[in-house]
Amino acid sequence: LAGADLRRANQCGANLQGARLTGANLEGSNLDEANLEEANLEGAGLAEVSLNGAKLVGAVLRSANLVGSSLEKADLQNADLGGVDLSEAKLTSANLNGANLEQAFLNNTRLQWASLEGTNLSEATLDGADLREAHLPRAELGRASLQGVRLREAVLAETSLQGANLQDADLAGADLTW
């Protein structure tokens, strides 16, 4: 299915485990509760896609476009999201433990109550993102842009923030213990 045009497809609950969807266009599709574990979606067009409750454990989404997509309660453990654009996306209560989001764009993204333990967000751009009560222990945020980010009551224990830009960030009640 590499390069396929699957715009606005309804694949709710579909089993696409291990699928090769590199460069595919899935914009506006419904993939709620779909199984995309170990799938390759590198460079895929996933803008405005609904992936609520989807399983993307170990999936490769490098350089994919997920602008405005909804991934609430999605499981993205150990997924490779390097260079992905998740601006304006909703990842409320999503599991991103161990994921790679190096150099990703998460501007104005909603990540309230998300779990990002051990996640690599180095050199990522999270300007205006909402991470209230998010769980980020041992995450890597070195050289990340966090301007105006909301980290109120977030857990950032043992998180690396070396060289990060935290201008106008809200860290009220955040756990910054080392």
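In table form, for the structure just shown:
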| item | result |
| --- | --- |
| Accessible surface of the chain, 1.4 Å probe, proportion on carbon and sulfur as whole % | 41 percent |
| Label point distance in nm, ALA157-ALA4, each placed 7 Å from Cα along Cα→Cβ | 4.4 nm |
| Inter-label distance for GLN167 and ARG20, nm, one decimal - labels placed 7 Å from Cα along Cα-to-Cβ | 4.5 nm |
| Whether the chain is rounded, prolate or oblate, judged on the alpha carbon gyration tensor where a/c under 1.5 counts as rounded | prolate |
| Whole-angstrom gap from region 110-178 to region 26-45, using each part's C-alpha centre | 26 Å |
| Fraction in percent of alpha-carbon pairs per bin - 5 Å, region 48-149 | 4, 16, 25, 35, 16, 4, 0 |
| ³J(HN,Hα) computed for each position of region 67-82 - Karplus, 6.51 cos²θ - 1.76 cosθ + 1.60, integer Hz, glycine/proline x | 4, x, 7, 10, 10, 5, 6, 6, 9, 10, 4, 6, 6, 9, 10, x |
| Sites ASP175 and ASN108 - FRET efficiency at Förster radius 22 Å, r taken between beta-carbons, to 0.05 | 0.40 |
| Accessible area per residue in Å² at 1.4 Å probe, computed on the chain | 43 Å² |
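The values are calculated or read from the model by the stated rules, or taken from the named source; none is laboratory data. Everything quoted here is computed from the prediction, not taken from an experiment. Using ideal geometry, Cβ is built from the backbone for each residue, glycine included, and neighbour counts are taken over all protein chains shown. Note: accessible area is taken over every heavy atom of the protein model, side chains too, but ligands, DNA and RNA are not part of it. Shrake-Rupley method; radii C 1.70, N 1.55, O 1.52, S 1.80 Å.
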